[in-house]
1. Label the range 5-173 by shape, choosing from rounded, prolate and oblate, from the square roots a ≥ b ≥ c of the eigenvalues of the Cα gyration tensor; if a/c is under 1.5 it is rounded, and otherwise prolate applies when a/b is larger than b/c, oblate when it is not.
2. How many angstrom separate the Cα center of the range 7-52 from the Cα center of the range 74-107?
3. Please report TRP87, TRP80, TRP163 as a ranked list, fewest other C-beta atoms within 10 angstrom at the top and most at the bottom.
4. Quick test of the membrane-span-like rule: which DSSP H helices of the chain reach at least 30 Å along their long axis (C-alpha atoms) with mean Kyte hydropathy at least -0.5?
5. Using modelled backbone amide H atoms (1.01 Å from N, in-plane), which distant-in-sequence or interchain residues come within less than 5 Å of HIS85's amide H?
Amino acid sequence: MIMTPGFRKIALVTHIISSVGSLGAVAGFLALAIVGLTSQDIPVTRSPYVAMEVIALFVVLPLVFASLLTGLVQALGTTWGLFRHYWVLVKLLLTLFTLIVLLLQMDGISYMATASTETTLLNTDLVGLRRSLVIHAAGGLIVLLATTMLSVYKPHGMTRHGWRKHQERKGGRT
Ligand code: HEM
């Protein structure tokens, strides 16, 4: 299934906006998580978590999901294929991994958002959870940066399946 040039451009723009957009959203989430963990001002340490829940639920999650779907369209609708090049396969696995970790984090994020509305919450409370949000957001950001690098550099390296398809195409041409 190969896309027409016009559709391919629209699909690629959608893919880049959703995937690089998710990177920006995770960076914002990380900044808020760091403030929530490190500020000495108790009300300030409470303030980021409702916003973090909104960003995670309505920005990061939909964008990562859209990035996965549009990435699949890019892979299956072009000669890159889904299982032919290691860089595409690695991107698929990293994006799936990011999505799963994010889904697993959602409970903790919601818990922090609810707890932060209580005026009795101190900056010394739930430190383990606050730290975990910083660590996971930082990890997610690193993974998304790596994925973006892979997308632009597109390192050589074909899978066994990719080589077979390549040989078949060469054979078909002669
Ligand atoms: C959040 C994760 C992702 C990021 C940050 C990302 C980023 C990008 C960027 C910036 C490009 C444009 C590169 C260029 O035109 O030179 C691109 C292209 C591409 N992406 Fe992704 N991507 C992600 C996920 C995925 C996934 C999950 C897949 C496959 C399942 C995928 C498959 C592709 C393919 C095949 C292209 C090449 C399209 C073409 O040149 O025709 N991407 N990606």
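1. It is prolate, given that a/c is not under 1.5 and a/b is the larger ratio.
2. The distance from the Cα centre of the range 7-52 to that of the range 74-107 comes to 20 Å.
3. Details: TRP87 18, TRP80 14, TRP163 11.
By the 10 Å Cβ count, ascending: TRP163, TRP80, TRP87.
4. What comes out of the filter, once short or polar helices are dropped, is 5-38, 86-116, 127-153.
5. THR159
No lab work stands behind these numbers, since they all come straight from the coordinates. Model, not experiment: these values are computed from the prediction. Note that we place each Cβ from the backbone using ideal geometry, even for glycine, and neighbour counts take in every protein chain shown.
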